[in-house]
Every structure is written in C-alpha cells, then in structure tokens.
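**Student:** Structure below; questions to follow.
The values are calculated or read from the model by the stated rules, or taken from the named source; none is laboratory data. Predicted model only: the values in this text are computed from it and were never measured. Cβ coordinates were reconstructed from backbone atoms using ideal geometry, including for glycine residues, and neighbour counts include every protein chain displayed.
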Amino acid sequence: MTDAARLYEVWVYLQAEPLFWLTLTIGCYLFADFLYKSSGLFPLLNPVALSIALVSACLIIFNVEYERYFNGAKFIHFLLGPATVALAVPIYLNWRIVSAERLAILATVVMGSLFAIGVTFGVSLFLDVDLVTVKSMLPRNVTAPIAMGISELIGGIPSLTAIITIVTGVVGAALGTFVLDLVRVKNMSARGFAFGLTSHGIGTARAMSRDQTAGVFAAVAMGLSGVTTALLLPLIFRLISDLL
Amino acid sequence: MLYAIFFIFLLQLVGEFLQKYFVLAIPGPVIGLLLMLVALLLQRGSRDSDTDFGQKVINTSNHLLQYLSLLFVPIGVGVVMHLQLLESQLVKVLGVIIIGTLLTIIVTAALFQVLRKRGVDD
C-alpha cells in the first residue's frame, strides 16, 4: 500500500470518531481567541464568529457533512445547558446591584423587547421579506430554544429561526461595540444589558469576556427578555392577525 | 467538584422536567438558572457568607462560564452549513438582522442608561 493510501485509511478512521472534531473545534477556538487577543480585542475578530468560520472552512474544504462533525462536537454543545444554569452565579454575586436596579431592569426589558420585535417587523415589511420568513424572524433576539418555541407557535419555521437567531447573536457581538461607542454609551451595565437583550447567549458571552458588570447585566437581560418575549410575542401576534 | 457538577446538572434536569410537564414557554436550562439563583440566595440566608458547598458551586460555575463562547461554535457551524435554507431571501434577511440588531442595541443601551440610578458603576 502507498503512503497516500495509508494516510487516507487513517483519515477515514479518525474522521468517524468524536475526538478529531472535538480537537478541531477547540483548536480553532484557541487560534481565534489568540488572534482576537493579539489584535487588542478588535471586535470584528470576535472569537465565536472567527472559530465558526474556521471550522466551517475546514468542513467545506474536506467535504465533510455537518452531521458527521456534530456527532463529535455535540459533546461541547451539550455543555450549553449547564452553562446556562451556571449564569445564575454572576447574577447572584452581584445581587445587590441587580436588585437596586430592578425597576430600570424591568422597564428596559419590556420596552426593549417590544422595540426589538417592532423593528424586525418594520424593516422586514420595508424590505419586502416573505411572510413565513418574517414570522421566523420575529423572536430572533432571544436565546435559540425560546425563539424556536415561539416561532412554532406563531407559524414560523423553527430551524430557520435557529439560524436567524444565531446570526443575530454573532452580528450583535461583533458590531455592538462600534455602535455603542458611536452613540457614546459608556456605562458598563447599560452596554452589557443591550448585548444580552439583543444578542442573547452569544452577546452575553461577549459582554462577560470584557467586563464583569457588563456580563452580569447581559445575563439578567437575556433571561428576562427571553421570558418576556415568550409571553408577549404570541399575544401581539394574535392581536395583529385579528386586525388584518 | 463532582458534587457541584452533579448539582448543576440536577437543576437543569429539574428545569427540563418542569418545562415538559407543565408545557412552559421557558426552556429547561433557563428554569434551571432561576432555580440556581434561588438556591444560592437561600444557602447564604441572612449570614453574609457562602456555605462550603455554595462556594464549590460558585467556583465550578465560574470555570464553566470562562468557556461560554466556545460552546456556541458547534451550533454556529451548523448555521453556516445550512445557510442555503434562506435561498433567495438571504440578502434581505441579513439586512433586517444587521439594521434591526444595531438599532435594538442602541435603543436598549440608551434606555437603560437613562432609567438606571446614577453612580452605581460610573
């Protein structure tokens, strides 16, 4: 057997195992994080966006199906659930600040969530997006499992919602810093809050990596806006359909 | 540490159970988050310090949260590999996402900055 044939045989064996995909995912993430840090935390080099791009490029170049990749990477994916539970800890450690701001938090969650839904609806109409896609987009600012549930309830396509929600997270995490600097919001709790309400978990991860206070308010905003949107959006949707 | 991991998994499991059993709109892990917050506040009680177990759960959670960004990579790769689902709508949808997301970030941050009490973390 030639060397190339042997190598191919080894590759066929390894790519069927989770180890290879786990190593690739962590490796790409570490590399992306290294680039991000050595760029002086340049927001467009967001480590999540960058490592997603790196892994996807590998899969496309080597013609690997996503299902095969996910079969290994699912062990990383699994930890999202426990990590969500763990988000209670930064909130608990800053409980004094959070409860001191409870009125501002509740008011901003309700108004911000309504604005998020309204602006998605408005811009979609303006750009003439088809109705099923609009429905799939409306819950895009909350964490993916909530968004998918709402989408199903109002007649969207849950898997489409998942895609749109994740892209929303990455866009907010990568570009949020620029717009917040542009409008000169300097307060860390306000910045974090906006990241969590708009870009759910990915925004929260981003806020947490920069500043403890920002991370806490992001986690609070993510949790509360998820619950608020789950309660409000189906109601609003029913009202609008009755009017039409 | 194993006790702490067990406790975190257990709360998520209880959350998933409650969500399925009562058909709630809130996902299991978010219910788990709320349960964890209640548990942490209860273990502190009126004292101003954490119990040994509480401290372990806090440390383990902080370790896990250090890698929060990494955990989104597998599902994000799925998004890239399935972008063709959006077909002809791709450009419009990206337009809505970018405009909508940036406007929402600005409005939410401005709202919270105006509504919050002054001087807590300036």
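**Student:** Looking only at the range A:147-162, how many residues end up being surrounded by fewer than 24 Cβ atoms within 10 Å (Cβ to Cβ), within 15 Å of the chain's Cα centre (by Cα) and of a type in the set (A, V, I, L, M)?
**Tutor:** Residues in the range A:147-162 being surrounded by fewer than 24 Cβ atoms within 10 Å (Cβ to Cβ), within 15 Å of the chain's Cα centre (by Cα) and of a type in the set (A, V, I, L, M): 3 in total.
**Student:** List pairs: first in the range A:112-134 and in the same structural domain as A:ILE154 (by TED's automatic domain parsing), second in a helix (DSSP H, G or I) and charged (D, E, K, R), Cβ under 7 Å, 6+ apart or cross-chain?
**Tutor:** Sorted first by the residue in the range A:112-134, then by its partner, the pairs are A:LEU127/B:LYS92; A:VAL129/B:LYS92.
**Student:** On the basis of being facing another protein chain (nearest Cβ under 9 Å), touching a Cys at 6+ places or on another chain (Cβ under 9 Å) and not aromatic (Phe, Trp, Tyr), does B:VAL73 make the cut?
**Tutor:** yes
**Student:** List every residue pair whose Cβ atoms lie under 6 Å apart, where the two residues are 6 or more positions apart in sequence or sit on different chains, the first residue falls within the range B:55-73 and is surrounded by fewer than 22 Cβ atoms within 10 Å (Cβ to Cβ), and the second residue, located anywhere, is in a helix (DSSP H, G or I) and among the acidic types (Asp, Glu).
**Tutor:** none
**Student:** Follow-up question, since we're still on this one. Any idea which of (1) under 27 Å from A:LEU50 (Cβ atoms); (2) surrounded by fewer than 21 Cβ atoms within 10 Å (Cβ to Cβ) is the one A:SER199 doesn't satisfy?
**Tutor:** Tallying (1) under 27 Å from A:LEU50 (Cβ atoms); (2) surrounded by fewer than 21 Cβ atoms within 10 Å (Cβ to Cβ), A:SER199 fails exactly one: (2).
**Student:** Follow-up question, since we're still on this one. Consider A:ASN46 against the criteria (1) surrounded by fewer than 20 Cβ atoms within 10 Å (Cβ to Cβ); (2) touching a helix residue (DSSP H, G or I) at 6+ places or on another chain (Cβ under 8 Å); (3) at pLDDT below 90; (4) not small (Gly, Ala, Ser): it satisfies all of them except one. Which criterion is unmet?
**Tutor:** Single failed check for A:ASN46: (1).
**Student:** A follow-up question, please. Select from the range A:71-93 the residues that are of a type in the set (Phe, Trp, Tyr) and either touching a residue at least 24 places away in the same chain (Cβ under 8 Å) or closer than 24 Å to A:SER189 by Cα (or both) and list them in ascending order.
**Tutor:** A:PHE75, A:TYR92
**Student:** Being facing chain B (nearest Cβ under 9 Å), under 21 Å from B:GLY100 (Cα atoms) and modelled with pLDDT of 95 or more: is that true of A:THR198 here?
**Tutor:** yes
**Student:** Restricting to the range A:154-184, what's the tally of residues that are in contact with a Lys or Arg (Cβ under 8 Å, 6 or more places away or on another chain), more than 18 Å from A:MET222 (Cβ to Cβ) and within 7 Å of chain B (Cβ to nearest Cβ)?
**Tutor:** Residues meeting the conditions: 0.
**Student:** Within the range A:27-43, is even one residue outside any loop (DSSP other than H, G, I, E, B), facing chain B (nearest Cβ under 9 Å) and either touching a Gly at 6+ places or on another chain (Cβ under 9 Å) or over 18 Å from B:TYR67 (Cα atoms) (or both)?
**Tutor:** Scanning the range A:27-43 turns up no residue that is outside any loop (DSSP other than H, G, I, E, B), facing chain B (nearest Cβ under 9 Å) and either touching a Gly at 6+ places or on another chain (Cβ under 9 Å) or over 18 Å from B:TYR67 (Cα atoms) (or both).
**Student:** I'd like the full set of residues that are more than 18 Å from A:MET137 (Cα to Cα) and buried (at least 24 other Cβ atoms within 10 Å of the Cβ), limited to the range A:209-231.
**Tutor:** Correct list: A:ALA214, A:GLY215, A:VAL216, A:PHE217, A:ALA218, A:ALA219, A:VAL220, A:ALA221, A:GLY223.
**Student:** Is it the case that some residue within the range B:93-102 is more than 7 Å from chain A (Cβ to nearest Cβ) and at pLDDT 90 or above?
**Tutor:** Within the range B:93-102, one or more residues are more than 7 Å from chain A (Cβ to nearest Cβ) and at pLDDT 90 or above.
**Student:** Only residues that are under 30 Å from A:MET148 (Cβ atoms), in a loop (DSSP other than H, G, I, E, B) and either more than 9 Å from chain A (Cβ to nearest Cβ) or touching a His at 6+ places or on another chain (Cβ under 7 Å) (or both): list them for the range B:1-57, please.
**Tutor:** B:VAL23
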